[in-house]
Amino acid sequence: MDRKTDKGMVGIRKTHDGQSVIFYQDRFEHAFFTSAHRTSRQYAKDKFQIDRAARVRWIGQVIEGNIPGTECWYISSTHRYHSNLGTPARLYVLWDEKYLV
């Protein structure tokens, strides 16, 4: 996290083509926790995923374009939480790793 705002801490990184990406501290649980009991409580976020957390610093390198074999796709943003509806969202694809950012 780089900066404190009135909504909490944020981290700002640049994409491969110079656009800003903002990571919000309050989204940490959503990104790095999962359900300990997926069959009975599939939407619970009560188990920390170490393999996800291990990628934290790597994600910045992916979006900056520093990881070979990465593709950037532009996706129509229709999600209600996206602040700029109609503006393409980015999806970084790492085929060899079977990973999406």
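The values are calculated or read from the model by the stated rules, or taken from the named source; none is laboratory data. Just so it is clear, the model here is predicted, and its values are computed rather than measured. Here Cβ is always computed from backbone atoms with ideal geometry, including for glycine, and neighbour counts include all displayed protein chains. Only protein heavy atoms, including side chains, enter the accessible area calculation; ligands, DNA and RNA are left aside. Shrake-Rupley method; radii C 1.70, N 1.55, O 1.52, S 1.80 Å.
At a probe radius of 1.4 angstrom, the accessible area of the chain per residue rounds to 78 square angstrom.
Dipole magnitude for the chain: about 340 debye, using +1 per Lys or Arg Cβ and -1 per Asp or Glu Cβ, origin at the Cα centre. Work from the charge dipole of the chain (Cβ charges, +1 for Lys and Arg, -1 for Asp and Glu, about the Cα centre) and give the residue of W58, Q42, Y24 farthest towards its positive end. The residue sitting farthest along the positive end of the dipole is Q42. Straight Cα distances below 21 angstrom link K14 to the lysines K4, with same-chain residues fewer than 8 positions distant left out.
Each Lys and Arg contributes +1 and each Asp and Glu -1, all at the Cβ; summed about the Cα centre of the range 15-62, the dipole is approximately 220 debye. What a 1.4 Å probe finds exposed on the chain is 52% carbon and sulfur by accessible area, rounded to a whole percent. Charged neighbours of S20, selected by a Cβ distance under 14 Å, balance to +1 (K, R count +1; D, E count -1). Once a ≥ b ≥ c are taken as the square roots of the eigenvalues of the Cα gyration tensor of the range 41-80, is the result rounded (a/c under 1.5), prolate (a/b larger than b/c) or oblate (a/b not larger than b/c)? In terms of gyration-tensor shape, oblate. Once you sort the root eigenvalues of the Cα gyration tensor of the range 1-71 as a ≥ b ≥ c, which label holds: rounded (a/c under 1.5), prolate (a/b larger than b/c) or oblate (the other case)? It comes out oblate by the Cα gyration axes.
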